[in-house]
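Visitor: Submitted below is the structure of interest, expressed as structure tokens.
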């Protein structure tokens, strides 16, 4: 009898400043720094795996003078995710995603060209 493939994990990306939604599932802050102006009590964060966040050096390179290229940022960030501590944190998020929706939260104004897109792709497939 053929086996049915497991459904793809439900991994969403939202700005941390948006109000929590009942469908968010596990809420994961994926920024290295706490979002400015947001009280911890209002954020409703379940997990904050700092090992998955881009390094300070990579953030500064990408957002610094002249700003780095997104594709190069992506390559460098994927290399950081391969490090043991980050890989372990990524596996933990994969396990959480198997149990229900997972919402990656960021203060980034343009999540589609940030580390959140890379993380979502790593988690979904």
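Values quoted throughout were computed directly from the atomic coordinates according to the rules given, and no laboratory measurement underlies them. Everything numeric in this text was worked out from a predicted model, so none of it was measured. Because the Cβ atoms are built from the backbone with ideal geometry, glycine has one as well, and the counts that use them run over all protein chains shown.
Visitor: Just from its helices, what would the mean residue ellipticity at 222 nm be for the chain, if runs of 4 or more DSSP H residues each count -39500 (n - 2.57) and the sum is divided by every residue, rounded to the nearest 500 deg cm²/dmol?
Guide: Value at 222 nm, helices only: -11500 deg cm²/dmol.
Visitor: Estimate the FRET efficiency between residue 33 and residue 8 by the formula 1/(1 + (r/R0)^6), using the beta-carbon distance for r and 30 Å for R0, to the nearest 0.05.
Guide: Efficiency, rounded to the nearest 0.05: 0.50.
Visitor: Compute the projected area of the convex hull of the Cα atoms of the range 35-87, averaged over all viewing directions, and report it in nm² to one decimal place.
Guide: Mean orientational projected area (the range 35-87, Cα hull): 4.8 nm².
Visitor: So, in Å, what gap is there between the alpha-carbon centers of the range 9-29 and the range 86-122?
Guide: If we compute the Cα centre of each part, the gap is 10 Å.
Visitor: If the label point is 7 Å along Cα→Cβ of residue 110, which residues in the range 39-66 have backbone nitrogen under 13 Å from it?
Guide: From the range 39-66, the list is 62-64, 66.
Visitor: Which three extents, in whole angstrom, do the alpha-carbon atoms of the chain cover along their principal axes, largest first?
Guide: Projected onto the principal axes, the Cα atoms of the chain cover 58, 33, 24 Å.
Visitor: Next question, about the same structure. Students often check this: by mean Cβ neighbours within 10 Å, which of 24-30, 95-101, 36-42 ranks highest, and how do the rest follow?
Guide: Put in order of decreasing packing, that is 24-30, 95-101, 36-42.
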